[in-house]
1. Would you please give the FRET efficiency between residue 105 and residue 144, computed as 1/(1 + (r/R0)^6) with r the Cβ-Cβ distance and R0 = 41 Å, to the nearest 0.05?
2. For every helix of n ≥ 4 consecutive DSSP H residues, a contribution of -39,500 (n - 2.57) applies; sum these over the chain, divide by its total residues, and give [θ] at 222 nm rounded to the nearest 500 deg cm²/dmol.
3. What whole number of Å gives the distance from the Cα centroid of region 103-180 to the Cα centroid of region 13-50?
4. Along the charge dipole of the chain, which of 10, 42, 128 sits closest to the positive end, that is, farthest toward it, with unit charges on the beta carbon of Lys, Arg, Asp and Glu (+1, +1, -1, -1)?
5. For a quick protection proxy, order the peptides 20-27, 5-12 by their average other-Cβ count within 10 Å, most packed first.
6. Using a ≥ b ≥ c from the Cα gyration tensor of region 1-48 (square roots of the eigenvalues), is it rounded, prolate or oblate, where a/c under 1.5 gives rounded and otherwise the larger of a/b and b/c decides, a/b for prolate?
7. Among 177, 93, 160, which comes first, second and so on when ranked by fewest other beta-carbon atoms within 10 Å?
8. Assigning unit charges at the beta carbon (Lys, Arg +1; Asp, Glu -1) and nothing else, what dipole magnitude in debye, to the nearest 20, does the chain show about its Cα centre?
Amino acid sequence: MAVVGYRRVSSIDQSLDRQDLGDIEKVFEEKLSGASASDRPALQDMIGWVREGDVVVVHSIDRLARNLQDLLSIVSQLNGKGVSIRFIKDNLTFPPEGTDGASKLYLSILGAVAEFERSIIKQRQREGIAKAKAKGVYKGRKPTIDQDRILALRDEGLSTYKIAEVMGISRMTVHRTLNG
């Protein structure tokens, strides 16, 4: 039996340090949004790594998932593999053999609250952007694609396929840049 930890923060600037998991044998960590479970490689690695009898320790429910569907799916996947999952802050454990109805209800409520919290954050972000645009101070995020290099490669005679390959981007991004 292994005691495995999972820690997540939403951005690279944030620290994982406040998520003390206690005595664990292996930890999986990532600095990515919790919006979608399928877009988190460390989470997927952890799910693939654990075996029957293992225990996964997570600081709080919202660190594992930010929407109810993902939360219930992850807990179900782990339990289906014979793995228990324990949430420290929420003082909840979900063993593979099942839990009482009250614990399942509490998990669903906390998962729904995490999802609601995320939707409020996104709504506030949209409102802030709209106000900044109205004032003329919103500039958007900085470009992540070097448009000048795309144009230079095209001027050198490279095809859109080759430009995409050289730059490590999609061909559609090349087309948008060239036709935009």
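None of the figures in this text is laboratory data; all of them are computed from the coordinates on show. This is a predicted model, so every value here is computed, not measured. Positions of Cβ are generated from backbone atoms using ideal geometry, with glycine treated the same way; all protein chains shown enter the neighbour counts.
1. Working: r = 43 Å, r/R0 = 1.04.
Computed FRET efficiency for residue 105 and residue 144: 0.45.
2. Details: 7 runs with 87 residues, N = 180.
Counting only the DSSP helices, I get -15000 deg cm²/dmol.
3. After rounding, the separation between the Cα centres reads 24 Å.
4. Result: 128.
5. Values: 20-27: 12.5, 5-12: 18.2.
Final packing ranking: 5-12, 20-27.
6. Details: a/c = 2.94, a/b = 1.21, b/c = 2.42.
In terms of gyration-tensor shape, oblate.
7. On the way: 177 21, 93 14, 160 17.
Placing the least packed residue first, the sequence is 93, 160, 177.
8. Dipole of the chain, to the nearest 20 debye: 1040 debye.
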